[in-house]
Every structure is written in structure tokens, then in C-alpha cells.
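Here it is: the structure, laid out below.
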Amino acid sequence: MTAPFSGGCVCGAIRYECTAEPVLVAHCCCTDCQRTSGAQMSTNVLVPAPAFRITAGATASYDTRGDSGNFVTRHFCARCGSNLYSMPQGMGTLAVIKAGTLDDSSWLQPGMSIYTDSAPRWAVLPDGIPKFPKMPPM
Ligand SMILES: [Zn+2]
Ligand SMILES: [Zn+2]
């Protein structure tokens, strides 16, 4: 399976759909991704923002500032707390979907691990794909 694909939060209040293939799938070990995912990394699915839309419910959001200095608006379900996607400023028009919220994430092919400098010592990073200590050149 590839595009279109769908996903949603754990309580089911929020559903989304994406009609385009991912531009990139990346494991991100930055500390914000560790906090929002509760894990060693977040697997992020970057898609063209115009192809992404909410089909049920409405997200709550808050802003964080990335180490580029740009804000990232992070969208989550106010009912169950699932982190669903973020909209980074300064990255063109990309939506960054949390891979774990896809209905079927089995077909994703992560292409890189990023911010590996921030990964905890016990993190297990996949072999066979590039590792970048910070953000790779885009
Ligand atoms: Zn929910
Ligand atoms: Zn991150």
C-alpha cells in the first residue's frame, strides 16, 4: 500500500488522509521528538502539506521552536493526547506525520536517522540507512 493512506489518534476522534507519497521517512532522535513520542525517537513521515487533510475531528496544537530558530506547530488530539503531526515553518510546505498514527505503516521505508547526537545511549538505530548527527542538508 502507498498513497492514499489514512490514520488517526488512538481514541478515534481525529482522522486524517494523505493523497501523496511521502517525500521522506526519517527516524528523528531530537529531544522534542523523544518527549512527544515518549520513546528513543519518532518516526516521521514527511508529505506535501496540500495532500494532507483532517477528515474527522479537530486537533489542538502548540508551538515549539526548533534549533533552526523556526517554530514547529504540533497537532495532537485533545481528548486522548495522541501526537499526530506537525507543521514546521521554514521547511516549505511539508506536513510531518507521526508514523505510529498511520492505519498501516508496514509499507514505509525509513531513509535516514537524524539528530542522532541527541539519541540516548541505549537507543537502537537501524543499520543500512544514513545517520546524521543533526538535521541533514535539505
Ligand atoms: Zn484521540
Ligand atoms: Zn525530532
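Could you please state, rounded to a whole Å, how far the C-alpha centre of the stretch 62-138 is from the C-alpha centre of the stretch 3-49?
Distance between centres, Cα-based: 7 Å.
Ignoring everything but the protein chains, give the 1.4 Å probe accessible area of residue 19 in square angstrom, nearest 10.
Result for residue 19: roughly 90 Å² accessible.
When Lys and Arg each count +1 and Asp and Glu each count -1, what net charge do the other residues less than 15 Å away from residue 54, Cβ to Cβ, add up to?
Net charge in that neighbourhood comes out at +3.
Percent relative contact order of the stretch 5-118, based on C-alpha pairs within less than 8 angstrom and at least six residues apart?
Working: 245 pairs, mean separation 38.4, N = 114.
After rounding, I find 34 percent.
For residue 10 and residue 31, what does the FRET efficiency come to when R0 = 25 Å and r is the distance between their Cβ atoms, rounded to the nearest 0.05? Walk me through the numbers on the way to the answer.
On the way: r = 23 Å, r/R0 = 0.93.
Computed FRET efficiency for residue 10 and residue 31 comes out at 0.60.
May I ask you to work out the translational diffusion coefficient for the chain at 37 °C, viscosity 0.692 mPa s, via Stokes-Einstein with Rh from the Kirkwood sum over Cα pairs, reported in whole µm²/s?
D, rounded to a whole number, is 217 µm²/s.
Could you sort 107, 122 by their accessible area in this structure, using a 1.4 Å probe and putting the largest first? Walk me through the numbers before you get to the answer.
Values: 107 45, 122 175 Å².
Largest to smallest exposure gives the sequence 122, 107.
Subtract the Cα-Cα distance of residue 89 and residue 21 from 0.36 nm times their separation in residues, and report this length gain in nm to one decimal.
Full extension of this stretch gives 22.4 nm more.
Separate question: For the chain, what proportion of DSSP beta bridges, expressed in % and rounded to the nearest 5, is antiparallel?
90 percent
The values are calculated or read from the model by the stated rules, or taken from the named source; none is laboratory data. Everything numeric in this text was worked out from a predicted model, so none of it was measured. In this analysis, Cβ positions are derived from the backbone assuming ideal geometry, glycine residues included, and neighbour counts consider all displayed protein chains. The accessibility values were calculated without ligands, DNA or RNA, using every heavy atom of the protein model including side chains. Shrake-Rupley method; radii C 1.70, N 1.55, O 1.52, S 1.80 Å.
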